[in-house]
Amino acid sequence: MIRNIRKIGNSQGIIIPRDLLQEIGYPKTVDITSTRDGILISPVAGRAVRRKPRDKDEAEGLYRIMKAELDADIKKGKIKFIGPREIRMDI
């Protein structure tokens, strides 16, 4: 993919396409490293990576995983319901 370097304020930059950002979860913080071959941009390690599901099947799969983990924590007593939309998690 070829992109032009643009003037952004007093700096230079590129516009990163939305689909590339979606693949890595729209990180708010990235690490920029100079390499022998060019520049490497990667999300900062240890941060939660979020992105929208690609399709309905992926969304349903992610929901099933989340629900299974939540159900397991409820059975272990780590999570308790306080109200209809509130839970308390013991850490």
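Where a number appears in this text, it was derived from the coordinates with a stated rule and is not lab data. Remember, it's a predicted structure, so these values are computed and weren't measured experimentally. With ideal geometry, Cβ positions are generated from the backbone for all residues, glycine too; neighbour counts draw on all protein chains shown.
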Worksheet item: For segment 65-91, which residues satisfy the criterion of being part of a loop (DSSP other than H, G, I, E, B) and within 26 Å of P53 (Cα to Cα)?
Response: R85
Worksheet entry | Neighbours by Cβ (under 8 Å, 6+ apart or cross-chain): first from segment 51-63, in contact (Cβ under 8 Å) with a residue 12 or more places away in the chain; second assigned to a loop (DSSP other than H, G, I, E, B) | R51/I24; R51/G25; R51/Y26
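Against the definition (farther than 25 Å from I87 by Cα and among the basic types (K, R)), how does K56 come out, yes or no?
Values: farther than 25 Å from I87 by Cα: yes; among the basic types (K, R): yes.
Considered against the rule, which asks whether it is farther than 25 Å from I87 by Cα and among the basic types (K, R), K56 comes out as yes.
So, in segment 8-43, how many residues would count as being of a type in the set (D, E) and more than 21 Å from R54 (Cβ to Cβ)? Don't jump to the end; show me each part of the working.
In the first step, residues of segment 8-43 are kept if they are of a type in the set (D, E); the result is 19, 23, 31, 37.
Still in the running and more than 21 Å from R54 (Cβ to Cβ): 31, 37.
Looking only at that region, the number is 2.
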